[in-house]
Amino acid sequence: MTRICLTIAGVDPSGGAGIIADIKTFSAFGCFATSAITSITFQNTQGVFGAEHQTAESVRKQTEPILDDFEVAALKTGMLPTKEIIEETAKIIEENKLINYVLDPVVRSTSGFDLINNKALNSVINKLFPLSKVITPNLPEAERITQSSINNLNDIKTAAKKMQELGAKNVLIKGGHFDEENTERKGIKDYLFIGAEMHVFEDEYIQTTSTHGTGCTLAAAITANLALGKDLVRSVQSAKSFVTEAIRTSPNIGKGNSPVNQLIVPE
């Protein structure tokens, strides 16, 4: 049976991140990809230069025909740029009883472009955190959400607990590539908190600038694995391995940070 995944996110016209990355990733795992556009961004491998946002009504009108026609097995949200879009997305999830919701709290691009303001971020926390299966912040996103500095493993644990207190059931903090003593980097570590239980995933650190779209790709890969019936731990492990190989086989294109290669066969 074909599993259907839905992404509600922004469009990166250069193809490395956002909805285009999600579609490629869903397809790599054998899932059928559907999407709703929240924002059209202006970006390439060198940075984000602006965006034009859709309305909340437009997002609803995009999703309604999909949800009326298909049984969506898993959902991922990425860039949700306005309070109105966030609130409408929450209503859509609740009305349609959507499950396996992976929330990638996209707040700032790697190049430093703010993709969401504080009012919208508060709506993400209040409206969407409680509906999610897992949230997937990187370190800067986790710091902004918790309004705290993260420098070591204890800080990661504290931040995860704060996000759970804010309504997130499970938290995956990405990019914790340091150990408790903050010594030599040996690998890329991600930390998954399921309740009070912590799972650590470590993969090889690859020295590269080919990292455009890694966050979107990881969240989309988790979504696809959940749609395929895997539990959260196995979904994260599979997704992390997929992203590592996608980085390793990057096409190395563009003048900035090359996109990763989502067109690989998952393990």
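Under the condition of being more than 20 Å from T77 (Cβ to Cβ) and touching a residue at least 40 places away in the same chain (Cβ under 8 Å), which residue from region 192-212 is surrounded by the most Cβ atoms within 10 Å (Cβ to Cβ)?
Of everything passing the filter in region 192-212, S210 is surrounded by the most Cβ atoms within 10 Å (Cβ to Cβ).
Looking only at region 198-207, which residues are within 12 Å of V243 (Cβ to Cβ) and at pLDDT below 90?
Residues satisfying the conditions are D203, E204, I206.
Which one is nearest to the chain's Cα centre (by Cα) among residues in region 117-154 that are farther than 21 Å from I86 by Cα and crowded, with 16+ Cβ neighbours inside 10 Å?
Across region 117-154, the extreme among qualifying residues is L139.
Going through I85, I37 one at a time, which residue ends up being crowded, with 19+ Cβ neighbours inside 10 Å, closer than 25 Å to T214 by Cβ, β-branched (V, I, T) and in contact (Cβ under 8 Å) with a residue 12 or more places away in the chain?
I85
For region 49-65, indicate whether the set of residues that are closer than 19 Å to L228 by Cα, at pLDDT 95 or above and of a type outside the set (D, E) is non-empty.
No; the residues of region 49-65 include none that is closer than 19 Å to L228 by Cα, at pLDDT 95 or above and of a type outside the set (D, E).
Wholly within region 66-148, which helices (runs of 4 or more DSSP H) include no fewer than the required count, namely at least 3 residues that are among the charged types (D, E, K, R) and under 19 Å from T55 (Cα atoms)?
The qualifying helices (runs of 4 or more DSSP H) are 83-95.
Return a yes/no flag: does region 40-51 have any residue that is in contact with a helix residue (DSSP H, G or I) (Cβ under 9 Å, 6 or more places away or on another chain), buried (at least 20 other Cβ atoms within 10 Å of the Cβ) and within 19 Å of G215 (Cβ to Cβ).
For region 40-51, residues in contact with a helix residue (DSSP H, G or I) (Cβ under 9 Å, 6 or more places away or on another chain), buried (at least 20 other Cβ atoms within 10 Å of the Cβ) and within 19 Å of G215 (Cβ to Cβ): present.
Looking at region 155-175 only, could you name the residues that are within 18 Å of the chain's Cα centre (by Cα) and among the polar types (S, T, N, Q)?
Q164, N170, listed by residue number.
Within region 219-242, which residues are under 14 Å from the mean Cα position of the chain (by Cα) and free of Cβ contacts under 8 Å to residues at least 40 places away in the same chain?
Within region 219-242, S235, A239 meet the criteria.
Here are G215, G187: which of them is surrounded by fewer than 19 Cβ atoms within 10 Å (Cβ to Cβ) and among the small types (G, A, S)?
Just one listed residue meets the conditions, G187.
For region 26-33, check the following and say yes or no: at least one residue is hydroxyl-bearing (S, T, Y) and either in contact with a Ser or Thr (Cβ under 6 Å, 6 or more places away or on another chain) or assigned to a strand (DSSP E or B) (or both).
Taking every residue of region 26-33 in turn, none turns out to be hydroxyl-bearing (S, T, Y) and either in contact with a Ser or Thr (Cβ under 6 Å, 6 or more places away or on another chain) or assigned to a strand (DSSP E or B) (or both).
When region 211-235 is examined, which residues are found to be of a type in the set (G, A, S) and in contact with a strand residue (DSSP E or B) (Cβ under 7 Å, 6 or more places away or on another chain)?
Scanning region 211-235 gives G213, G215, A219, A220, A224, A227.
Tell me which of these I253 doesn't satisfy, since it passes every other one: (1) free of Cβ contacts under 8 Å to residues at least 60 places away in the same chain; (2) part of a loop (DSSP other than H, G, I, E, B); (3) surrounded by fewer than 19 Cβ atoms within 10 Å (Cβ to Cβ).
(1)
Do we have V134 as of a type in the set (A, V, I, L, M) and at pLDDT below 90 here?
No, not satisfied.
Within region 192-241, work out how many residues are part of a helix (DSSP H, G or I) and not charged (D, E, K, R).
The total comes to 22.
The values are calculated or read from the model by the stated rules, or taken from the named source; none is laboratory data. In this text, all values refer to a predicted model and were calculated from it rather than measured experimentally. With ideal geometry, Cβ positions are generated from the backbone for all residues, glycine too; neighbour counts draw on all protein chains shown.
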